[in-house]
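The values are calculated or read from the model by the stated rules, or taken from the named source; none is laboratory data. The structure displayed is predicted, hence computed values, not measured ones. We place every Cβ from the backbone using ideal geometry, glycine too, and count neighbours over all the protein chains shown.
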Amino acid sequence: MKAKNLIVAVVMLSLIGATGAFLLHLKARQRLGEPGVKTRPIPNSSNVEVLLPENVPGYTSVWVQEAEVVTNKLPPDTSFGQRVYTSEDNKFRVQANVVLMGADRTSIHKPEYCLVGQGFQFDSSDIKPLPIHIDRPVGYELPARYVTASVDRMTKDGQTLKATAFYVFWFVDDRNITAYHNQWKIWLVKDFLFTGVLDRWAYISYYTECLPEQKDAVLDQLKKLIAQSVPEFQKPNGTGK
């Protein structure tokens, strides 16, 4: 029995040693992949700014600094891009946001985490597909998903108003797009193991609110805004491996 235990211990130690050597080998050849979104350097920083378009026909826009409550929770090598788009008639307002990972993949998190933190109440079955046709520079279907929620908003006269909120999202690297959190993680691990490249994924989202009776028209307008703006900052790529 003692001899058998000794053999098991030796085998386990050998496996641990081999695993450690393999991980060190991977780390030595690791390199960060290219992002699937357009960026520019930030002076005096190793991070970059994601270049959401300033000009979209029919809209004005303003650049918005990412909130500290977000930046303080995510890894320091996380990069961002955020703009608010307002229609010319001032009746439609959308916040577009991009979170771009560096070498730390924990920058990219499940949409459920941030939405629950904002007061959304839903489960995974409430997240629905929202394919959006992108026609330039090449035609493809953007495989986005979205969730709808009811949120309380205070009016100017102090009354509580029920609003409908839409949150559309997907993930993209330099070659692939998915709206499923587990899918991009599988691709990231696969590429890292076989090539040593750590895919640089971005988490993209669009958020807007409206009155409940406006939701069908607003969702249609939101899809059109996404179709207009995405080609300006998201690089052309495939739709999956």
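Observations on the model:
- Of all residues in region 77-89, those that are farther than 16 Å from Gly36 by Cα and touching a residue at least 40 places away in the same chain (Cβ under 8 Å) have Cβ atoms under 9 Å from Cβ atoms of residues that are hydroxyl-bearing (Ser, Thr, Tyr) and outside any strand (DSSP E or B), 6 or more apart or on another chain, in Tyr85/Ser229.
- Set Tyr206, Tyr140: member being modelled with pLDDT of 95 or more and among the hydroxyl-bearing types (Ser, Thr, Tyr): Tyr206
- The residue pairs whose first member lies in region 30-52 and is under 23 Å from Gly196 (Cα atoms), whose second member is exposed (fewer than 14 other Cβ atoms within 10 Å of the Cβ) and among the aromatic types (Phe, Trp, Tyr), and whose beta carbons are closer than 9 Å, counting only pairs six or more residues apart or on different chains, do not exist in this structure.
- Subset of region 102-133 that is surrounded by 15 or more Cβ atoms within 10 Å (Cβ to Cβ) and at pLDDT 95 or above - its residue that is farthest from Lys38 (Cα to Cα): Leu130
- Count of region 135-175 residues which are in a loop (DSSP other than H, G, I, E, B) and either touching a helix residue (DSSP H, G or I) at 6+ places or on another chain (Cβ under 6 Å) or among the hydrophobic types (A, V, I, L, M, F, W, C) (or both): 2
- Answer residue from region 152-171, given it is surrounded by 12 or more Cβ atoms within 10 Å (Cβ to Cβ), of a type outside the set (Ser, Thr, Tyr) and under 14 Å from Lys215 (Cα atoms) and is modelled with the highest pLDDT among those: Val168
- Those residues of region 42-61 which are of a type in the set (S, T, N, Q), more than 15 Å from Phe233 (Cα to Cα) and loosely packed, with under 12 Cβ neighbours inside 10 Å, in sequence order: Asn44, Ser45, Ser46
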